[in-house]
Structures are given as structure tokens and as C-alpha cells.
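Asker: My questions will all concern the structure given below.
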Amino acid sequence: MGKVHFLLQTEVEDNHRVHHIIFFPEFSSVEGFIEALKGRHSPLSSDGRPKMHMGGAEIAQAALDNGAMIGPSHAFTPWTGMYAHHDSLASCYGDQAGKVHFAELGLSADSDYADRIPEMRRLAFLTNSDAHSPYPTRIAREFNRIEMKAPSFAELRKAILHEGGRKFVLNVGLPPQEGKYNESACIKCLTHYALDQAKALRWRCRCGGVIKKGVRDRVEELSDSREPKHPAHRPPYLHLIPLGEIITKALGVANPNSKEVDEAWSAIVGKFGSEVAALVDAPINEIQPKEVAEAIAMFREGRVRLIPGGGGQYGQVVLGDEKIEPPKAPAPKGQRGLFDFR
Ligand SMILES: [Zn+2]
Ligand SMILES: [Zn+2]
């Protein structure tokens, strides 16, 4: 395995609750940025994602003035994504919008979704998972493969700007249907609604609950075409289902964090070097146990169905001809569901 390099990066929340990612070239740039904020934020020493008492344009100005790069994180998420609060980059970043060169797509969108929106097409797409928990089925769910001369900020900047042959060559992420807000659905009873149905009901479910607009429908509202229009610089997008989820399904166990799943996961990853190698490249007949090998074969052959998530409930992976149960009400607080990763 190669050396691990780190990039100076943070995520901040603006006064509309929109989240932004900022990449810094060096520590002095971080210090300059903090100085420019003039204390209008929650404590930086204790908040992993500090709240700024400022708008997107002002935060962008402070970042750009200090040589950093900024863009929306999980741009489509209905609570804290840019498109939850704004219809455009200009609405979010004001006169700094033209200097925003990337967007992070989040778990609920991929490049087919985002490239239906005209203003997104010039941007580099980042697929960076949140890592809210340490389980192997949760951490590092998404990643980017980038062609660059050296692992540095300057090279990353060139890749984001598609300069000098540097570029993103692969985005890897979850299928958007697995996201908790893929389709529009009631956050109380989880009934799914088509966009026109939800509009006719004024986003109020028959049960009285609020219908939360799904990412798929939000993209529909902002798009200018039925099909994505990928620009020449857009790399392929590989959809990966977590190996731990596949093992859980294949072994028929209820808990993805159980010892049984953990042991099978460790043995497979130990043998092939990484989840991606096991899921994409490993010879099927060398994968043990047999049930897991069969499930990985189904994944590669596309014999996996996805039941879209919505209303706060994750989507479901269905292997082959497996029968599934209709959606259940959300688990009580504190209990983690099968697809409770972000
Ligand atoms: Zn965030
Ligand atoms: Zn309802």
C-alpha cells in the first residue's frame, strides 16, 4: 500500500444551514481564513463542522481570498445541501459563484443525476463519503480516483480545473436509490409519492405527516433534459454496494455489525487486499464462503435490485429473486437500521 497523504480540509455550515467543503493549500491559508471570519462562528476548537454566522458568498470570499477552494458538500441533501435552500450556485454563492469549481454529490446523487442540471456540468464532481462511524460497512463508502503528478493541493486544484491533463478518472459511490431521501415520501408513515401527487397534496401526506421532497424529484425540478448530458471531462461513475451489506444479505443475518459478518469481511478483504478488489476484480471461485461468492456474482451481473429510500428511510438492496417486506416505520432512536450509514 502506498503512503497516506493528508489534505487540509474542513466542512462548515452557513447561516442557511447549507454545508460547504473547503480545501486549503497550507496552514497559513487556514490561519488567514480564520482571521477573515472575525469570530463570527461557533467554537473552532470543539466543533468538527463549525457553524458560520455568515452566508455562502461571504464564506466563499474568505476562502478564495486565502487561496483555498470551496464548493457545496452533499449538494442535494434535502436538509443541509445547497439545492435544499437554493435553486442555483448564484443564489448560494452570489458574485463568487463563478469561482466555485466543484460540487460534492453526497450519497443520494450520482453524476447521472447531477449532469441533468445545466450549471453543474462545468464542475468537477467529488464523491467523498461521510465517515460517521468506524464500521467497515460505514467508513470510506465513496471515493475519487484522480490522475495527478504528485499528491498535493496544487495538483488537486489542476485536476478540479481539468488543467494540464490532470483530471478525475473515476467517481465511486453508493447507488443513489440507497439514500434516505431518494424518492419523495412522508417522514411519518413512509408512503412514497410521485412529484405531481406530492404537489397536488401540497406536500402534506394523507396521514397528516410532511412529505419530504426526494433528491430525484429535486433534480427533476432543476433539470433541462430527461437524460444526463455529460461533459467531455466527466469520468465514469462506479456504483458500489458495501461488501458488508452483501455479506449480511448472503449469510441471512440481521445485524451488519455482527461478529459473523465481521469475520467474513476481514477474511475476504485480507485475501484480496480491499473491498473494491473483492467486489470488482476477485475471481468468483476464489471467494469464500460460497454464499458470499454467489452474492458478489449477482452484484457484478446486475442481478441486484434497489428499492429506493425516502422520507428518512434508507433504500434496500435485493439480491436475485429474494422477496422483500414492505417498508416499516423507522426504528426507535438509538437503534441502527441495516442501511444506517452516511
Ligand atoms: Zn455536511
Ligand atoms: Zn404519511
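The numbers here are math on the coordinates, done by the rules we state, and not lab data. Remember, predicted model here, so these are calculated numbers, not experimental data. So basically every Cβ, Gly included, is an ideal-geometry build from the backbone, and we count neighbours across all protein chains shown.
Asker: Just to check I understand the Karplus step: with θ = phi - 60° and J = 6.51 cos²θ - 1.76 cosθ + 1.60, what whole-Hz values come out for the stretch 194-202, glycine and proline as x?
Answerer: Taking θ as phi minus 60°, the curve returns 6, 4, 5, 4, 4, 5, 4, 8, 6 Hz for the stretch 194-202.
Asker: Strictly greater than 30 Å: what percent of every Cα pair in the chain meets that?
Answerer: Here the tail beyond 30 Å accounts for 40 percent of pairs.
Asker: How high is the relative contact order of the stretch 8-177, in percent, with contacts defined as C-alpha pairs under 8 Å that are six or more residues apart?
Answerer: About 17 percent, as a whole number.
Asker: Counting alpha carbon pairs within less than 8 Å and at least 6 residues apart, what relative contact order, in whole percent, applies to the stretch 182-222?
Answerer: Contact order relative to length: 47 percent.
Asker: Over all alpha-carbon pairs in the stretch 170-296, figure out the percentage whose distance exceeds 26 Å.
Answerer: The answer is 46 percent, as a whole percent.
Asker: If the chain between Ala150 and Cys207 were fully stretched, how many nm would it gain, using 0.36 nm times the residue separation less the Cα-Cα distance?
Answerer: 14.9 nm is the gain from fully extending Ala150 to Cys207.
Asker: Leaving out same-chain residues fewer than 8 places away, which lysines sit with a Cα under 27 Å from that of Lys51?
Answerer: Lys38, Lys99, Lys180, Lys212, Lys213, Lys333
Asker: Can you list residues from other chains, or at least 5 along the same chain, whose modelled amide H is less than 5 Å from the amide H of Leu8?
Answerer: Those qualifying (amide H under 5 Å, at least 5 residues apart or on another chain) are Phe24.
Asker: When N counts the residues of the stretch 242-302, how does its alpha-carbon radius of gyration compare numerically with 2.2 N^0.38 Å, as a ratio?
Answerer: It is 0.98.
Asker: Then there is this: Enumerate the amide H contacts of Leu238 below 5 Å, restricted to partners 5 or more residues apart or on another chain; note that Pro and chain-start residues carry no placed amide H.
Answerer: Those lying under 5 Å, H to H, from Leu238 are Asn171, Val172, Gly173.
Asker: Enumerate the amide H contacts of Leu126 below 5 Å, restricted to partners 5 or more residues apart or on another chain; note that Pro and chain-start residues carry no placed amide H.
Answerer: The list, which skips near neighbours in sequence, is Ala103, Glu104, Leu105.
Asker: Using Cα positions and a limit of under 24 Å, work out the lysines in reach of Lys271, with same-chain residues fewer than 8 apart set aside.
Answerer: In chain and number order, the partners are Lys3, Lys249, Lys259, Lys290.
Asker: In addition: Place the peptides 141-149, 299-307 in order of packing, highest mean first, counting for every residue the other Cβ atoms within 10 Å and averaging per peptide.
Answerer: 141-149, 299-307
Asker: Now, a different point. Give me the percent relative contact order of the stretch 242-302, please, defined on Cα pairs under 8 angstrom at least 6 residues apart.
Answerer: 36
Asker: So what are the ³J(HN,Hα) numbers for the stretch 81-95, from phi and the Karplus equation (6.51, -1.76, 1.60; θ = phi - 60°), rounded to whole Hz, Gly and Pro as x?
Answerer: After applying 6.51 cos²θ - 1.76 cosθ + 1.60, I find x, 3, 6, 6, 10, 10, 8, 7, 4, 5, 5, 7, 10, x, 6 Hz.
Asker: What area, in nm² and to one decimal, does the C-alpha convex hull of the stretch 95-231 cast on average over all directions?
Answerer: 10.8
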